[in-house]
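The values are calculated or read from the model by the stated rules, or taken from the named source; none is laboratory data. Remember, predicted model here, so these are calculated numbers, not experimental data. No Cβ is skipped: glycine too gets one built from the backbone with ideal geometry, and neighbour counts run over all protein chains shown. Side chains included, ligands, DNA and RNA excluded: accessible areas come from the protein's heavy atoms. Shrake-Rupley method; radii C 1.70, N 1.55, O 1.52, S 1.80 Å.
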Amino acid sequence: MQKTKSQVSVLFMLFGMLFCVCLITANVLETKQMAFGPISITGGLIVFPVSYIINDCVCEVWGYSKTRLLIWYGFAMNFIFVAFGALCDALPGADYWTNDAGFHAIFGIAPRIVFASFLAFIVGSFINAYVMSRMKISSGGKHFSMRAIMSTIFGETADSLIFFPIAFWGIVPNDELPVLMLSQVILKTLYEILVLPVTIRVVRATKKHEQIDTFDNDVDYNIFKIKEFQD
């Protein structure tokens, strides 16, 4: 049966839901700081790299256009979550409510950090998708592992270069910022490498189920053309 232009598959919808859950969960987990020896990380590191893995899977199977739709969809859902969380945090609590401090620690995100997070997500995610798309074309669909790793390095580097200076300039000592940025890129790339066998199997199974393997030969990489998607 010929699919209509605006139709999406059930698998794509499931990827989209998981993508949004990972982004929202990362926001909440970011409020916890953890240390493993000399390395300090936030709880968001546990789940945020999964969004890049989903980005890779969607771009590999359905192409850049669908990935563009996914990124903006994730951005919108994350914005709604943050906005409602901030609104609820601003509303006065009941007299018997005794957990204002804990609630504020999670949902009272500073506007500066919100802006840094959203901008870094958009730039990093689209760079990740662009690198995946272009490398797939140039390699003729070969070397998926290399594409997945390189796209993560480029995407996460852009994410860190934007997020940390905007969010923490003047708060974290300037000589510590490069260390934080580099450690985030390294750890998230290692995360990608460790789960790569699972990613490869997911991509193969999805391609087989969907009977599709998209090459972006004629795609428009304008990030704002979210209406241009098709199966």
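Before moving on, here are some points about what is shown:
- Helix 10-29 and the longest principal axis of the Cα set of the chain meet at an angle near 20°.
- Longest DSSP-loop-exposure-free segment, trypsin sites (Lys or Arg not before Pro), the chain, at most 16 other Cβ within 10 Å: 33-141
- Protein heavy-atom surface of region 1-119, 1.4 angstrom probe: 73% of the accessible area is carbon and sulfur, with nucleic acids and ligands not counted.
- Angle in degrees between helix 64-90 and the longest Cα principal axis of the chain, rounded to the nearest 10: 20 degrees
- Inter-part distance where region 63-114 and region 145-202 are each reduced to a Cα centre, Å: 23 Å
- Axis angle, to the nearest 10 degrees, between helix 48-62 and the longest C-alpha principal axis of the chain: 20 degrees.
- Entries in Lys66/Lys142; Lys136/Lys208; Lys142/Lys225 that, when Cα-Cα distance is taken, lie over 24 Å: Lys142/Lys225
- Average accessible surface area per residue within the chain, 1.4 Å rolling probe, Å²: 55 Å²
- Chymotrypsin sites (Phe, Trp or Tyr not before Pro) restricted to region 91-177 and DSSP loop, no more than 12 other C-beta within 10 Å: Tyr96, Trp97
- If a spin label sat at a point 7 angstrom from the Cα of Cys88 along the line to its beta carbon, the backbone N atoms of region 104-122 nearer than 16 Å would be those of 104-109.
- With all protein chains in place and a 1.4 Å probe, the accessible surface of region 120-231 carries 66 percent carbon and sulfur.
- Cleavage-rule hits (GluC sites (Glu not before Pro)) in region 160-231: DSSP loop, at most 16 neighbouring Cβ within 10 angstrom: Glu176, Glu228
- Placing +1 on the Cβ of every Lys and Arg and -1 on the Cβ of every Asp and Glu, with no other charges, gives region 139-231 a dipole of roughly 420 debye about its Cα centre.
- The Stokes-Einstein estimate for region 136-219, based on a Kirkwood radius over Cα pairs and taken at 25 °C with 0.890 mPa s viscosity, is a diffusion coefficient of 163 µm²/s.
- Sequence-separation-based contact order of the chain, relative, with Cα cut under 8 Å and 6+ spacing, percent: 29 percent
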